Amino acid sequence: GGTKVIVTRGGTGDHYSGATPNDPVTKIDADGGLEKVAYKQQLIDLTGLIKLVVKGASNALFIAGRGGTGKTHTVEEVLHGLGLKDGDGYFKNVGSASAIGIYKMLYKNRKGVIVFDDSDGALDSQDGRNLIKGATDTKMVRKIAWNKDSKDMFDPSAMPEDDDLDMDLEDGAKIPKWFEFTGKIIFISNLQIDKLDPDGALRTRALMVAINPTDAELFDQMESILPVIALDGTLTLTLEERKEVMIELRKNPKNVSLRKLVRGLNMRAAMGPGEDWKRLVKLYA
C-alpha cells in the first residue's frame with residue numbers, strides 16, 4: 001500500500017517521482033515541513049525555545065536558515081540574560097569539529113550547554129552525526145560512548161569503585177570511553193532544514209526552528225533596531241546619519257543581512273561626512 005519515492009536532490013516546492021496531484025504528501029520543502037511564520041514572530045519563538053532548552057524542557061535546539069538574520073546574536077543575548085557566559089555556563093564551538101573532538105567536547109561539557117555555531121562539519125561524518133544524535137536524545141541521562149582504540153582513553157569499568165569518574169580532567173589527561181551526558185545542545189546553521197537534517201533524525205529528538213525572513217522583513221527589522229546598534233570602538237553616529245545609511249542600503253537590495261547594516265554603519269562613522277562613503281557602502285558593505 002506504499003509508494004516508493006527516490007529523492008536525489010531537492011529544494012523548496014520540488015515534486016518527486018511517484019507523486020500525483022491526488023497524493024496527500026507529494027513534496028519536501030526547505031523548511032522541513034515547519035509552519036512558516038513572520039520573521040518577527042520567528043525571533044520571538046526562537047527566544048522562547050532557547051529558554052526552554054536551558055530550563056530542561058528539551059535537550060536540544062537546532063536553528064537553521066539564511067545567514068545574517070540574528071540567529072547567533074539572539075542565542076547569546078538570551079543565554080547572557082539567563083546569567084550564562086561563554087566558558088561559564090555554556091561553551092561555544094565555532095568552526096570545525098572532528099568526531100573525536102566532538103566526543104571530548106561533550107565529555108568536558110557534559111553538564112552544561114554547548115553551542116555549535118557555523119559547525120556544520122560536525123554532522124558530515126557518520127561518527128560525528130551519531131554522537132550529536134546520541135547527545136540530543138530525549139532521555140534525561142544519555143550514555144555517550146567512543147569504543148575505538150585510542151591511547152587517550154580508558155575503560156571506566158576497570159576503575160576502582162571509589163574513584164571519581166565524574167571528575168573534571170585537565171587538557172591532555174585521559175578521558176573515559178563512555179560517560180553519562182546530561183547537557184544541552186544548541187546548534188546554529190546557515191543550512192536549510194532539509195539539508196541540515198536530510199533524514200529527519202534530528203527532528204525526532206530536538207526542537208527545531210527555521211529563521212528565513214524575506215528581504216522586506218529584514219529591511220523592516222533593520223529599521224526597528226537601527227537606533228540601538230552598537231558601533232565598533234569609539235565610532236558614533238547620530239540617528240539621522242544612521243537613517244542615511246539605511247536609505248543607501250535600500251537602494252541596493254543585494255545580499256540583505258543584519259551584518260551588512262552593521263558594516264555600513266561602521267563605514268559611515270569611520271569616514272565621516274561626504275559622498276565617498278555612499279559609494280563604498282554600496283560596493284563593500
Based on this model, can you work out whether Lys143 counts as among the charged types (D, E, K, R), modelled with pLDDT of 95 or more, within 30 Å of the chain's Cα centre (by Cα) and within 28 Å of Asp118 (Cα to Cα)? yes
Here the residues within the range 35-78 that are open to solvent by 20 Å² or more (accessible area, probe 1.4 Å), closer than 22 Å to Ala135 by Cβ, in contact with a helix residue (DSSP H, G or I) (Cβ under 8 Å, 6 or more places away or on another chain) and hydrophobic (A, V, I, L, M, F, W, C) are Val54
Within the range 92-107, tally of residues that are outside any helix (DSSP H, G or I) and surrounded by 17 or more Cβ atoms within 10 Å (Cβ to Cβ): 3
Considering residues that are within 17 Å of Asp152 (Cβ to Cβ) and part of a helix (DSSP H, G or I), the number found within the range 108-135 is 3
State whether the residues of the range 34-44 include one that is among the small types (Gly, Ala, Ser) and either at pLDDT 95 or above or under 16 Å from Asp194 (Cα atoms) (or both). no
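Matching residues to (1) out of contact with any Gly (no Cβ under 7 Å at 6 or more places or on another chain); (2) open to solvent by 40 Å² or more (accessible area, probe 1.4 Å); (3) of a type outside the set (Gly, Ala, Ser):
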| site | (1), (2), (3) |
| --- | --- |
| Ser224 | yes, yes, no |
| Ile229 | yes, no, yes |
| Trp277 | yes, no, yes |
| Val281 | no, no, yes |
Can you tell me which of (1) at positive phi; (2) open to solvent by 70 Å² or more (accessible area, probe 1.4 Å) is the one Lys139 doesn't meet? (1)
Among the residues of the range 197-222, what is the count of those that are crowded, with 16+ Cβ neighbours inside 10 Å and of a type in the set (Val, Ile, Thr)? 2
Among all residue pairs at least 6 apart or on different chains, which show Cβ distances below 9 Å where the first residue, located in the range 136-150, is in contact (Cβ under 8 Å) with a residue 60 or more places away in the chain and outside any loop (DSSP other than H, G, I, E, B) and the second is open to solvent by 40 Å² or more (accessible area, probe 1.4 Å) and of a type in the set (Asp, Glu)? Arg142/Glu180
Identify, by number, the condition in (1) within 22 Å of Ile229 (Cβ to Cβ); (2) among the hydrophobic types (A, V, I, L, M, F, W, C); (3) touching an Asp or Glu at 6+ places or on another chain (Cβ under 7 Å) that Leu79 doesn't meet. (3)
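Can you spot a residue in the range 116-130 that is in contact with an Asp or Glu (Cβ under 7 Å, 6 or more places away or on another chain) and surrounded by 14 or more Cβ atoms within 10 Å (Cβ to Cβ)?
no
The values are calculated or read from the model by the stated rules, or taken from the named source; none is laboratory data. Because the structure is a prediction, the values reported are computed rather than measured. Reconstructed Cβ throughout: ideal geometry from the backbone, glycine too, with neighbour counts over all protein chains shown. Keep in mind that these areas ignore ligands, DNA and RNA; they rest on the heavy atoms of the full protein, side chains included. Shrake-Rupley method; radii C 1.70, N 1.55, O 1.52, S 1.80 Å.
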